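None of the figures in this text is laboratory data; all of them are computed from the coordinates on show. Keep in mind the model is a prediction, meaning the values are calculated, not measured. A quick note on method: Cβ atoms are made from the backbone with ideal geometry, for glycine too, and the neighbour counts reach across all protein chains shown.
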Amino acid sequence: MNILVSGAALVIACAAFVTYDWITSREAMVHNLSIQAQITGSNSVSALLFNDPQSAENTLSALKAAPNIVSARIYTAEGLAFASYSPDGSREALPLPALPLGQLEHHWFQDGHLVVARKIVFEGKPTGTVYIRSDLQEISHRLKRYAAIAAIVLAASLIAALLVASIFQRAVAEPIVHLAEITRIVSRDKNYSLRASPTGNRDEPDILIHAFNDMLGQIQQREDALRDAHRELEQRVEARTAQLATANKELEQQNREVERATQLKSHFLASMSHELRTPLNAIIGFSDLLAEKTTDHLTDKQNRFIGHVRNGARHLLQLINDILDLSKIESGLLELRRETFGLSEAMPEVLSVIRPLAIAKKIRIEHAEETFSVYADRVRFKQILYNLLSNALKFTPEGGKVRVEGSSNGSLVSIAVSDSGIGIRSEDQQLIFEEFRQAGESTKGVKEGTGLGLAITKRLVERQGGTIRVMSELGKGSCFSFTLPAGRAALEVQPEPVLSEVSIEDPDLSEGKPLVLVVDDEPSARELLASYLEGAGYAVTTVTSGAEAVERARQLDPAAITLDILMPGGSGFGTLAEFKKTVETAHIPIIVVSVVDQKETAFTLGAAEYLVKPVQKSALLNALRKHLGAVSRTANHILVVDDDPITLDVVSDTLRSVGYTPHTVSSGKEALEFLSKVDVDAILLDLIMPEMDGFEVLCAIKDIPELCEVPVFVLTAKDLTERESRILKRGTRALFRKDTSWKNDLLAQLAKAVGKPPLAKTAGQS
Amino acid sequence: MRPHGSSGIYRCTGHHRGSWPHFVVLATLSAFILTSILHAQSSPTEYQVKAAYLYNFAKFVEWPPQVMSSDSSFNICVLGRDPFDSTFQTTIAGESIKGRNVLVKRIPRAQDGAGCQILFISSSEEARLKDILDVLDKMSVLTVSDMPQFTRRGGMIQFVTEANRVRFEVNLTNAERTGLTLSSQLLKVAIGVRRG
């Protein structure tokens, strides 16, 4: 193929050269002929001038020397033939061909001949014309010769090229192709043990092949080395992994132990907290009751005794709370729920608590309306503030002054509590923040408090990212100031864990008893529902079939309808659809009561409620109440659940005293049993109980659809975790702590939830 | 000039009347005259040709420089009875030779030929030729004549009419003796070249 290419190139080159030569020789011929014409012409001048044709012919005959000239003529200035020449001596009379005007000479190719015609000018005067005609044989001969040589050269060079190519092929191309092949195979199979075979000649391709083989050898070595390194690495990795695994296991073990220890600790704290607080609660509760109820019936001394009991109990409670707090902080189990809130939200409550004490000691409390907000735990903040304020009040004599002031530097809010009290010695100023230490221990002075307050306060402040310090001079007063992070921009005031409740309105009873239409084919079922409803103050009408139901409903327009599903003569769903289609009955709430559980279908068709037989009275009434409003019926049955009989006593007493009807159970199981038989208006639930704790009861209640609507309140001594708070927040109306004054709060919430107790309603209707 | 192709003899044929031969003679004569007149108009006269040749000679002759540079005209002179008449006007009027204007002069005596480059000696001076040539010998003048034996008697170029054509004969020695150089081109077309 290469030969073809070179051949073509050569042919083109030769053709070009031949063509060039042809053109050049033609030009040369013209030039030659022109010169000959010139010479002949100038030699013929005198012949023309002196009219001597013979002389002219002699001159022309000199052209015999050029064999290519076939004829020559001289014409006079007038264009008449003067002399002529022919190689063969023949004489033709040819007229002078026309010469283009102005041109001295003109040549043209005609019939394979070249003709040159040139004017003879002597001393500026045209004297005549020379005409020479030549054949082109010379050129064609030359051309043929040239072409022949070119062809021979071409053929020779092509053959030579072929020869060289084949030699080259063998010597160079083959080894390289072989090399390329080997390379391809090595790349494809990654087999570095292959080698290219040398040519055996000591030439460049051979050198290349040897070099290539060396390279392959090196690559092979590297490969092997790499493989070994890789293997070793794998082994090391395995070893390390095994090490890590064992280390991990140990750590896990330790972790578990640590977790268990922590769990035990928190469990201990929790149970301690509960165990300690519950009896205390009873002490406080009953002594409160005693103080309240029996002040008139007791002697002064007895009243005093009760006072002592109360104070002692309170102090003990405070101490327990402090110890538990401190313990929690120390073991890192303190949970803070930090939020942004304004100082003006938290301060009033604290101030109102200590105000009685301040009034008693005639100490004036100064405070301004604070505009700053902090990012901290709301409860703990109040605790800190309360601690500092109570300390201030404690150590300030009568008629003194206590001041609360807030300031901010942008990122921190600082609150200062200053008093005009007895002051603190400089050596005591660090001491007072330690546990169980009070200033002036050696001196006889006011010895109230547990000695833990400031220790706890300090830790609380520091845990929330602040600092606390004291500035004081003995006899001049003290100023305690603490900093907390400033509130975040988005001031979302989180509500306290008190839910908004759904207000249940009493229906307008002046309309008379609401009518319920009971639809069921079974007489026993009808009777049962009717007794439930009539007992609760509803008017009842019964029908035995779906068809009847729609008619009756249209006639009577009941307030609600209970509908059975499994009835002969048409499934209740059809009737349900009918009710909803019919304009007059479409608005009536329908409570489906059925043995089967087909809630989806019922609700899709427009049922308001779905109860599964056997129906709990409470469930039915709740449902009705939900859709109709409460009926005139004393709404005051409250179930109190607590394993501690004393708490039960206290609570139920409290409830009864305002007119509610409390029912008491001492375990979760009993509670559920009770709830299944009797429907109550509210549940008061303790959390820590054996067997089934409050959370489980809550869960169980949630599972029973009829009880879902019953408001649940929690009364507990337990410190709640974040998670527990969340659960309770979701499932209960309100939370009350046994160690705080829960009574009024609880009654207020209950009133909101279930309505005021009958005694309180004496003013209104029954 | 003799008329063409006529021998002047006519032959009698067969019967002839008295007035018939006269008419023929008349016709022929008039024909001759006509043709000669016509011919005279189409072809140059003898002296026209010679005048042209005189002019042409100058193109092939080199005069010694001292002769040429005397004045700015090229003088062709005629000595003796001038046969050219007005032919010079028609043939070489306004021409120039070697860059000089051509002047035609008629000189009365040979001595006046000093400023001439070409001198045509008329055949009327045949008797006095030797004296004329002796006078001219010291001057580089090209002597031309059509008298017979001119070149033998010391002349340089002699016109010869041959086959109705004006030719000329050259005596090279005579020319070169006075310092004149004659081109071989001229010699080529001469019918004869004498040396000596």
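So the values come out like this:
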{"item": "Geometric extent, Cα atoms of segment A:271-350 - Rg, Dmax (angstrom)", "result": "17.4, 51"}
{"item": "C-alpha long axis of helix A:300-330 to longest principal axis of chain A, angle in °", "result": "20 degrees"}
{"item": "Whole-number Å³ per residue for the convex hull built on Cα positions in segment A:21-156", "result": "113 Å³"}
{"item": "Efficiency of FRET between A:Arg656 and A:Val353 - r from beta-carbon atoms, R0 51 angstrom, step 0.05", "result": "0.95"}
{"item": "Spatial extent of segment A:208-279: Rg and Dmax, with the Cα atoms as the point set, Å", "result": "30.2, 102"}
{"item": "Distant-in-sequence amide H partners of B:Leu142 (H built 1.01 Å from N, under 5 Å)", "result": "B:Ile118, B:Leu119"}
{"item": "In order through segment A:457-469: 3J(HN,Hα) via Karplus (6.51 cos²θ - 1.76 cosθ + 1.60), integer Hz, x for Gly, Pro", "result": "4, 4, 5, 4, 4, 5, 4, 9, x, x, 9, 10, 8"}
{"item": "Relative contact order for segment A:270-377, counting Cα pairs under 8 Å that sit 6 or more residues apart, in percent", "result": "28 percent"}
{"item": "Acute angle (nearest 10 degrees) that the helix A:668-677 long axis makes with the longest principal axis of chain A, alpha-carbon atoms", "result": "80 degrees"}
{"item": "A:Thr664 long-range amide H proximity, modeled H, under 5 Å", "result": "A:Val640"}
{"item": "Nearest-0.05 FRET efficiency for A:Asp88 and A:Ile39, computed from C-beta distance (R0 22 Å)", "result": "0.45"}
{"item": "Inter-chain shielding of B:178-189 (mean C-beta neighbours from other protein chains, 10 Å cut-off)", "result": "3"}
{"item": "Residues with amide H under 5 Å from that of A:Val540, placed H, sequence gap 5 or more", "result": "A:Val516"}
{"item": "DSSP-loop trypsin sites (Lys or Arg not before Pro) across segment B:78-118, with at most 14 other Cβ within 10 angstrom", "result": "B:Arg81, B:Lys98, B:Arg109"}
{"item": "In sequence order, calculated HN-Hα J values of segment A:687-693 (Karplus, 6.51, -1.76, 1.60; Hz; x Gly/Pro)", "result": "9, 8, 9, x, 6, 10, 8"}
{"item": "FRET efficiency estimate (nearest 0.05) - Cβ-Cβ, A:Glu238 to A:Gln430, R0 45 angstrom", "result": "0.20"}
{"item": "Phi to ³J(HN,Hα) by Karplus 6.51 cos²θ - 1.76 cosθ + 1.60 over segment A:384-392, Hz, x for Gly, Pro", "result": "4, 4, 4, 4, 5, 5, 5, 4, 4"}
{"item": "Global form of segment B:137-187, assessed from the alpha-carbon gyration tensor, a/c cut-off 1.5", "result": "oblate"}
{"item": "Virtual spin-label span in nm between A:His230 and A:Ala171, 7 Å along Cα→Cβ", "result": "4.4 nm"}
{"item": "Label-point separation, A:Tyr375 to B:Asp112 (7 Å along Cα→Cβ), nm", "result": "15.0 nm"}
{"item": "Net +/- balance of residues flanking B:Arg128 in space, Cβ distance below 11 Å, scoring K and R +1, D and E -1", "result": "-2"}
{"item": "Extended-chain gain in nm, criterion 0.36 nm per residue less alpha-carbon gap, A:Glu670 and A:Ser140", "result": "177.0 nm"}
{"item": "Global geometry of segment B:69-196, whether rounded, prolate or oblate, following the gyration tensor of its Cα atoms and the 1.5 cut on a/c", "result": "rounded"}
{"item": "Relative contact order %, chain A, counting alpha carbon pairs below 8 Å whose residues are six or more apart", "result": "7 percent"}
{"item": "Prolate/oblate/rounded label for segment A:626-727 (Cα gyration tensor, a/c 1.5)", "result": "oblate"}
{"item": "Spatial separation of Cα centroids for segment A:345-421 and segment A:131-196, in angstrom", "result": "111 Å"}
{"item": "Cα pair distances of chain A binned at 10 Å [whole percent]", "result": "2, 9, 11, 11, 9, 7, 6, 5, 4, 4, 4, 4, 5, 6, 6, 5, 3, 1, 0, 0"}
